[in-house]
Amino acid sequence: MPALPTSLWSSVARKALMALTGLALIGFLIVHLLGNLILLSGNADAFNLYSNIYASMGSFLYVIEAGLVAFFLIHIVSGITVALGKMKARPVSYKKVANAGGPSRKTVSSVTMIYTGVLLLVFLVFHVVSLKYGAHYDTTIGGEKMRDLYKLVVENFQQPYIVAGYVIIMTLLGFHLRHGFWSAFQSLGALQPRFSNMIYIIGVFIAIILAIGFLFVPIWIFLNS
Amino acid sequence: MADMTLTLKIWRQKDRKSPGKFVSYTVENVSEHMSFLEMMDVLNEQLIKKGEDVVEFDNDCREGICGMCSLVINGRPHGQEHGTATCQLHMRKFNDGDIIVIEPWRAAAFPVLKDLTVDRTAFDRIIEAGGYTSINAGGAADSSAILVPKSDAEEAMDAASCIGCGACVAACPNASASLFTAAKISQFALLPQGQTERKRRAANMVAQMDAEGFGDCSNHAECEAVCPKEISITHIARMKREYFKAMVFDE
Ligand code: HEM
Ligand code: SF4
Ligand code: FES
């Protein structure tokens, strides 16, 4: 019996990869946001102790980081493939385009996924370079010497343009997730009409909570320091 | 209501290779009782009288069952009505003095043949790849010999109501043929007769869909909104499940 002509890079499997990595990234963002909330306490030691948990993981941290980078890469490469494929599949565009309404889920969010995605990528590079690989300050807590990440974060968020940038990008993240969360379930073949609307609404909530959560922290620090 | 006068902006293209362009026409004496295609007939009669080339458009049954009619009308495949084909769209949905933009389905896999007609044989090749069941016909089986749950029968019937018009591709921002292909996979996946070739069907039909140069599905669900048979994207979800099974298990 010859093997079935399935492929991990077929239109169906590619979107499943994108959905799995997208959902995993949402999981990462939720953990990341919970960590950020410690910043709101204004307690530098608490935040530094928290971030030191990661720093002291040693080589295990590299494993986590490599996984994260791999997930981003799979997500990005498949996303760009979808966007390029779309141009190839419709070389001549319509003179007039209207939304059909009714059961359609076509929104500003759904048609701008590649733009919000690419801007998130640009932000991500800036974010990692300016914080993870940013200035290294030291602090000593309970006799242990560790990185004073809190100082660097506060320094960053005292700059109005950085805060403004975060606010804009996190709003775009909200748009990406508004379509993305629901879309991921459909890509995985997991949606049924009876709970499709519910998943969409949960997605909108997750989008709003993550966007507001991430943009609130820089604003809070800016106003309180 | 008095007869209407309309301005039509229609895509004219001589053949596959020639570049096309929009041409404006005025049609008078359009009755609100006419269907959209009858209005196009009125235009073509005018053109014939003037000795001009008629506007080519596909049609056959004119009652929403054959899947031949197409046309993107003011940016919507099959027009603004939900659950109807272009041939079932009536002129009473328009107003005197309206400007109507009429375009062919736009997709690399559906090349324009002439004016508003496109080549939809890509769909035929997707069907050839697996949209059938191989049954050695003998005497007709007893209709109650194989029991099918009513909900399955209904859902299979919903999928089977696809008329292969291609509006889903036309409406999709990515020109994806997922709704069509999914409907054809789904109608068999739900019924006992479709089980034998189930995995092979999903794998082959998706492979052919990709090979024809249709885009990926981004879950915009515009297809469901324009489909004259209102086929749900739940069938796309089922197509994905069928494909995953084909990826993991042997036949
Ligand atoms: C913070 C990180 C990100 C998260 C949590 C995220 C999440 C998601 C999710 C859940 C989906 C839905 C998947 C599906 O439709 O099956 C999605 C789609 C998409 N993502 Fe992301 N994403 C992120 C970053 C990015 C980046 C950096 C890009 C860069 C190119 C990107 C590009 C896309 C594109 C183009 C789509 C739409 C795919 C389509 O239209 O079919 N995303 N994203
Ligand atoms: S799924 Fe609907 S829109 Fe697509 S070809 Fe079938 S009938 Fe036409
Ligand atoms: S002409 Fe047959 S469906 Fe419209």
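The values are calculated or read from the model by the stated rules, or taken from the named source; none is laboratory data. In this text, all values refer to a predicted model and were calculated from it rather than measured experimentally. Cβ placement follows ideal geometry from the backbone for every residue including glycine, while neighbour counts extend to all protein chains displayed. Side chains are part of the model used for accessible areas, which takes the heavy atoms of the whole protein and leaves out ligands, DNA and RNA. Shrake-Rupley method; radii C 1.70, N 1.55, O 1.52, S 1.80 Å.
Among the residues here, A:A89 qualifies as at the interface with chain B (Cβ under 9 Å from one of its Cβ atoms), within 13 Å of ligand 1 (Cβ to nearest atom) and crowded, with 17+ Cβ neighbours inside 10 Å. For the stretch B:61-84, residues that are on the phi < 0 side of the Ramachandran plot, within 14 Å of ligand 2 (Cβ to nearest atom) and open to solvent by 20 Å² or more (accessible area, probe 1.4 Å) total 8. For the stretch A:142-159, a tally of residues being more than 12 Å from A:I221 (Cβ to Cβ) and surrounded by fewer than 19 Cβ atoms within 10 Å (Cβ to Cβ) returns 6. Of the strands (runs of 3 or more DSSP E) lying entirely inside the stretch B:1-113, not one contains at least 2 residues that are modelled with pLDDT under 95 and under 27 Å from A:P91 (Cα atoms).
Somewhere in the stretch A:178-197, is a residue exposed (fewer than 14 other Cβ atoms within 10 Å of the Cβ), in contact (Cβ under 8 Å) with a residue 40 or more places away in the chain and within 13 Å of the chain's Cα centre (by Cα)? Within the stretch A:178-197, not a single residue is exposed (fewer than 14 other Cβ atoms within 10 Å of the Cβ), in contact (Cβ under 8 Å) with a residue 40 or more places away in the chain and within 13 Å of the chain's Cα centre (by Cα). Checked against the criterion of being over 12 Å from the mean Cα position of the chain (by Cα) and small (G, A, S), the candidates B:G139, B:G166 yield just one match: B:G139. Output the residue which, of all residues in the stretch B:156-167 that are part of a helix (DSSP H, G or I) and in contact (Cβ under 8 Å) with a residue 60 or more places away in the chain, is farthest from B:A108 (Cα to Cα). Checking each candidate, the answer is B:D158. Does B:A107 fit the bill of being more than 16 Å from ligand 3 (Cβ to nearest atom), surrounded by 17 or more Cβ atoms within 10 Å (Cβ to Cβ) and either within 12 Å of chain A (Cβ to nearest Cβ) or touching a residue at least 12 places away in the same chain (Cβ under 8 Å) (or both)? Yes, satisfied. Mind checking which residues of the stretch A:7-17 are at the interface with chain B (Cβ under 9 Å from one of its Cβ atoms) and assigned to a helix (DSSP H, G or I)? If the condition is that a residue be at the interface with chain B (Cβ under 9 Å from one of its Cβ atoms) and assigned to a helix (DSSP H, G or I), then A:S11, A:V12, A:A13, A:R14, A:K15, A:A16 are the ones that fit.
Are any residues in the stretch A:100-119 open to solvent by 50 Å² or more (accessible area, probe 1.4 Å) and in a helix (DSSP H, G or I), and if so, which ones?
Within the stretch A:100-119, A:V108, A:V111, A:I114, A:Y115, A:V118, A:L119 meet the criteria.
Tell me which residues, restricted to the stretch A:12-31, are free of Cβ contacts under 8 Å to residues at least 24 places away in the same chain and either among the β-branched types (V, I, T) or surrounded by fewer than 17 Cβ atoms within 10 Å (Cβ to Cβ) (or both). Within the stretch A:12-31, A:V12, A:G27, A:V31 qualify.
The set of residues from the stretch B:180-237 being within 10 Å of another protein chain (Cβ to nearest Cβ), of a type in the set (V, I, T) and surrounded by fewer than 24 Cβ atoms within 10 Å (Cβ to Cβ) comprises just one member, B:T234. For the stretch A:198-225, the set of residues classified as away from every other protein chain (no Cβ under 14 Å), farther than 25 Å from A:G42 by Cβ and buried (at least 21 other Cβ atoms within 10 Å of the Cβ) consists of A:A207 only.
Name the one entry in A:V122, A:V97, A:V82 that is away from ligand 2 (no atom under 16 Å from the Cβ), facing chain B (nearest Cβ under 10 Å) and open to solvent by 70 Å² or more (accessible area, probe 1.4 Å).
On the way: A:V122 fails: facing chain B (nearest Cβ under 10 Å); A:V82 fails: open to solvent by 70 Å² or more (accessible area, probe 1.4 Å).
After applying the criteria, what remains is A:V97.
The residues of the stretch A:176-195 that are facing chain B (nearest Cβ under 7 Å), farther than 17 Å from A:I76 by Cβ and not in a loop (DSSP other than H, G, I, E, B), listed by number, are A:Q186, A:P193.
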